[in-house]
Amino acid sequence: MPPLCYFVRHGQTGWNAELRLQGQADTDMTDLGRRQAARNGRRLAELVDRPEDFDFVASPLKRTRETMELIRAGMGLPPQGYRVDARLMEVHFGDWQGFTYAELEKREPGSTAARFADKWGFVAPGSAGESYQMLLDRVKPWFEALEKPTICVTHGGVLRILFRLVEDLPVADVAAMEIVQDRVLRLEDSRLEWL
């Protein structure tokens, strides 16, 4: 059974607000995103009595690192006291990163139909493109190696993968679920709960 963990999606970025496919592009948070991160830090301060018992880990992308630093500050901790793990990076949208679906359709009509038909198995064009299944294969070894209570800042795709790994939700449901940026996701007793 995995240990107690708290997961947070990074705060809103400008590309989130514009509905751009972000993937592993290293984008900046908005002021709203920083407020979301600070709110999650205050919430974690209420939930965690002994932060010294927790491992703190984030995706290495700028938006997740900044979110983690704001969270740690909100918990009264030095902002830099965490590590990064590249396996926690977002699913890579290949050549589609930086575009909206509308822009992709305008450029190449019909190009996004396959993504909407199979969000789980679709691999974005380009040599770096990944599917959610490929993301699961990347994240699963990290998840299975968890040994101590953990606070993790990552991405929407990775949190979707957790719902597949922990609750065995159908892949279509996992690929379509909304992952919020202003709440904490707790993993306890092999159950996930938004707080």
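The values are calculated or read from the model by the stated rules, or taken from the named source; none is laboratory data. All values derive from a computational prediction rather than experimental measurement. Using ideal geometry, Cβ is built from the backbone for each residue, glycine included, and neighbour counts are taken over all protein chains shown.
Key figures for this structure:
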{"read-out": "Inter-residue pairs, beta-carbon under 6 Å, first small (Gly, Ala, Ser) and in segment 34-50, second at pLDDT 95 or above and in a loop (DSSP other than H, G, I, E, B), 6+ apart", "value": "Ala37/Gly11; Gly41/Met75; Ala45/Met75"}
{"read-out": "Pairs, first touching a residue at least 40 places away in the same chain (Cβ under 8 Å) and among the β-branched types (Val, Ile, Thr) in segment 81-100, second surrounded by fewer than 18 Cβ atoms within 10 Å (Cβ to Cβ) and part of a loop (DSSP other than H, G, I, E, B), C-beta under 7 Å, six or more apart", "value": "Thr100/Glu18; Thr100/Leu19"}
{"read-out": "Hits in segment 116-137 (condition: surrounded by fewer than 19 Cβ atoms within 10 Å (Cβ to Cβ), within 19 Å of Met177 (Cβ to Cβ) and among the charged types (D, E, K, R))", "value": "Asp118, Lys119"}
{"read-out": "Residue list for segment 167-182, filter: crowded, with 16+ Cβ neighbours inside 10 Å and either touching a Leu at 6+ places or on another chain (Cβ under 7 Å) or closer than 27 Å to Ala45 by Cβ (or both)", "value": "Ile179, Gln181, Asp182"}
{"read-out": "Qualifying residue in segment 147-166 (condition: surrounded by fewer than 17 Cβ atoms within 10 Å (Cβ to Cβ) and touching an Asp or Glu at 6+ places or on another chain (Cβ under 7 Å))", "value": "yes"}
{"read-out": "Residue that is surrounded by the most Cβ atoms within 10 Å (Cβ to Cβ), among those in segment 81-108 that are among the basic types (Lys, Arg) and in a helix (DSSP H, G or I)", "value": "Arg87"}
{"read-out": "Listing of helices (runs of 4 or more DSSP H) fully contained in segment 109-195 that carry 3 or more residues being touching a residue at least 24 places away in the same chain (Cβ under 8 Å), at negative phi and not β-branched (Val, Ile, Thr)", "value": "132-144, 156-167, 171-176"}
